[in-house]
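The values are calculated or read from the model by the stated rules, or taken from the named source; none is laboratory data. Small disclaimer: the values here were computed from a predicted structure and weren't measured. Using ideal geometry, Cβ is built from the backbone for each residue, glycine included, and neighbour counts are taken over all protein chains shown. Just so you know, the surface numbers come from the protein's heavy atoms only, side chains and all, with ligands and any DNA or RNA stripped out. Shrake-Rupley method; radii C 1.70, N 1.55, O 1.52, S 1.80 Å.
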Amino acid sequence: MQLAQVPYTEEQIKQAIEEVWQELLQEADAENYSLEEYLEDYRKYWDDPEFPNDIPELIMRTVEKIVGRPLSWYCELVRDPAGFTGEYSFVVVDPKTQKCLTYREHTFDGVNVHRFINVAGTVVNYEDIVRLVTKLLNQIQSALTAA
Amino acid sequence: MEREKIIAALETAFAEISGAEYEDEPVTFAEFLESFAKFRDPDFPVYWIPYTIEEAVESLTDRKFGWHEDVLKDEWSYTGEFGFVCVDPETLKCLTAERSNGSCTVSVVFPILNIDDAVQAVEYFLRLVQQA
């Protein structure tokens, strides 16, 4: 598998986000609701179970649009005792090979290897969405290059 | 694998993770689960449960895996269910991925409210590792 758009620019990511947002609106029959308005409501009501669930869908559909095909993914909405923290943790798998595309290893002390299978980020505003999509695309591209 | 061996691996893993190995009257994993099932206290160190399962699987297989775990909650409290994703670092294969009806799911979810549930979760992962 190769990314459909390599290299991808911030402009392409922003365009893909907008296209996916319009698709989500059409599916929900809610045509006059800008992403900006949505994010204002999201910041007010993010402890409402309905609200945060749209963000992973928006992020992963944007990633899939740029990659050029569907991916399998799992997203944890990170919570602490006070509630939802605003952080999303994604695990992405290539559905054809079942290989994890977000796996990486890191050693903090040069001895012990820590294995991470997720990419995480906090989403409060539009720029956070762009940043998290970029982070996911970079990790997926790196996994594909290594393969 | 015998149930006793799995329980011993779970208890050893839990003692290490919770620090119980340094206590005079340590709480066992079975007792910890009983307390979790009864109170579902939001301040409970609930991640000790999935970490214990993962550590027991790694100790019984003598291998390391990449893990992601999620403690499921509803509006009010913990549901007692845990989501897991497991990746084999050698092949990068997601061992918990499953194809069904043309799509591919990534995680598995187990209720873990007592030691029997914990043993079943470990047995499930041991089967996955064996099949891989």
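Out of B:55, B:25, B:2, B:21, report the one residue that is under 13 Å from the mean Cα position of the chain (by Cα) and either open to solvent by 60 Å² or more (accessible area, probe 1.4 Å) or at pLDDT 90 or above (or both). Result of the check over B:55, B:25, B:2, B:21: B:55.
Checked against (1) open to solvent by 10 Å² or more (accessible area, probe 1.4 Å); (2) in a loop (DSSP other than H, G, I, E, B), residue B:96 passes all but a single condition, namely (1). Only one of the numbered conditions (1) among the charged types (D, E, K, R); (2) open to solvent by 20 Å² or more (accessible area, probe 1.4 Å); (3) out of contact with any strand residue (DSSP E or B) (no Cβ under 7 Å at 6 or more places or on another chain); (4) closer than 24 Å to residue B:132 by Cα is violated by residue A:69, and that is (4).
Please pick out the residue among B:90, B:75 that is within 14 Å of chain A (Cβ to nearest Cβ), touching a Pro at 6+ places or on another chain (Cβ under 9 Å) and outside any strand (DSSP E or B).
Details: B:90 fails: touching a Pro at 6+ places or on another chain (Cβ under 9 Å).
Answer to the selection: B:75.
When residue B:69 is tested against the conditions (1) touching a Gly at 6+ places or on another chain (Cβ under 9 Å); (2) on the phi > 0 side of the Ramachandran plot, the lone failure is (2). The residue that is surrounded by the fewest Cβ atoms within 10 Å (Cβ to Cβ), counting only those in the stretch B:35-52 that are away from chain A (no Cβ under 14 Å) and at pLDDT below 95, is B:38. In the set (1) among the β-branched types (Val, Ile, Thr); (2) more than 12 Å from every other protein chain (Cβ to nearest Cβ); (3) in contact with an Asp or Glu (Cβ under 7 Å, 6 or more places away or on another chain), residue A:67 fails one condition alone, (3). The condition (being open to solvent by 60 Å² or more (accessible area, probe 1.4 Å) and either touching a residue at least 60 places away in the same chain (Cβ under 8 Å) or aromatic (Phe, Trp, Tyr) (or both)) is satisfied by just one residue among A:38, A:45: A:45. Quick one: is residue A:61 over 26 Å from residue B:103 (Cα atoms) and away from chain B (no Cβ under 14 Å)? So residue A:61 fails the test. Consider the stretch B:93-132 and keep the residues that are among the polar types (S, T, N, Q) and within 14 Å of chain A (Cβ to nearest Cβ). The one that is farthest from residue B:73 (Cα to Cα) is B:131.
For the stretch B:36-53, a residue qualifies if it is in a helix (DSSP H, G or I) and without any contact (Cβ under 8 Å) to a residue 24 or more places away in the chain, and the qualifying residues are B:38, B:39. Selection of the stretch A:84-107 for residues being more than 12 Å from chain B (Cβ to nearest Cβ) and under 30 Å from residue B:78 (Cβ atoms) yields A:85, A:86, A:87.
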